[in-house]
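The values are calculated or read from the model by the stated rules, or taken from the named source; none is laboratory data. Keep in mind that what you see is a predicted model, and the values were worked out from it rather than measured. For neighbour counting, all protein chains shown are included, and Cβ atoms are generated from backbone atoms with ideal geometry for every residue, glycine included.
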Amino acid sequence: MIKPEDKKIIVDAIREIPDFPKPGIVFKDISTILNDAQAFGLLMDHIHDRYKDMKLDFIAGIDARGFIFGAALARDLGIGFVPIRKKGKLPYTTISEKYALEYGVDEVEIHIDAFRDVKEARVLLIDDLIATGGTAYAAANLIEKSGGKCIEACFIMDLAFLGGSEKLSKFTPVYSVLGEA
């Protein structure tokens with residue numbers, strides 16, 4: 001559990017932008033955590049402490065903000081980082097997973113050799129927030145399809161009222177650093 005005083009520093013570093021990307025939405029802008037050395041340091045220290053003893057083989061980050069937290073954490077833990085990207089962005093042979101959007105379908109991909117030859121690689125999935133859970137669920141499925149085991153999915157924030165974390169928790173444990181946003 002994150003210390004209340006650390007949580008306050010991190011929450012206070014998040015900029016809220018009303019009516020973005022459309023009216024009625026309050027966008028949680030985490031770029032302001034990234035440019036606040038204290039907030040980013042506290043966040044990464046907390047995540048590191050949570051996962052340092054889980055014997056993970058890889059961190060998988062979801063395009064694009066998951067790359068930031070995931071790559072930093074992988075480096076801190078001394079393990080590999082695997083990007084899960086939007087369709088058409090990875091240069092080598094991939095496998096993909098489609099997921100539903102409010103008005104259509106999207107797709108994410110992972111390299112077929114993302115976990116090299118590590119059998120049943122222990123993988124942490126990470127992203128900045130979970131909303132409806134479509135992208136995260138597709139990413140967790142990709143980890144499994146490519147021979148990994150999604151040990152947990154970690155998010156900085158959980159928009160729990162949208163139901164994504166509840167849906168994903170049926171597939172893998174879900175942890176949110178700041179809880180419901």
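Some points to look at:
- Residues that are among the acidic types (D, E), in a helix (DSSP H, G or I) and either touching a helix residue (DSSP H, G or I) at 6+ places or on another chain (Cβ under 7 Å) or closer than 19 Å to A72 by Cβ (or both), drawn from region 3-52: D6, D45, D49
- Looking only at region 84-99, and only at residues there that are within 21 Å of Y137 (Cβ to Cβ) and without any contact (Cβ under 8 Å) to a residue 24 or more places away in the chain, the one that is nearest to the chain's Cα centre (by Cα): K86
- Residue that is part of a loop (DSSP other than H, G, I, E, B), aliphatic (A, V, I, L, M), surrounded by 13 or more Cβ atoms within 10 Å (Cβ to Cβ) and touching a strand residue (DSSP E or B) at 6+ places or on another chain (Cβ under 9 Å), where the choices are L142, L90: L90
- The set of residues in region 105-130 being in contact (Cβ under 8 Å) with a residue 60 or more places away in the chain and either within 10 Å of the chain's Cα centre (by Cα) or closer than 26 Å to L34 by Cβ (or both) consists of V123, L124, L125, I126, D127, D128, L129.
- Flag for E102 being closer than 18 Å to F67 by Cβ and without any contact (Cβ under 8 Å) to a residue 40 or more places away in the chain: no
- Residue among G61, G104 that is among the small types (G, A, S) and modelled with pLDDT under 95: G104
- Note on region 62-83: among residues that are among the β-branched types (V, I, T) and within 18 Å of N141 (Cα to Cα), the one that is surrounded by the fewest Cβ atoms within 10 Å (Cβ to Cβ) is V82.
- All positions within region 131-158 that are touching a residue at least 60 places away in the same chain (Cβ under 8 Å) and farther than 27 Å from K119 by Cβ: I156, M157
- Region 107-139, residues that are among the acidic types (D, E) and modelled with pLDDT under 95: D117, E120
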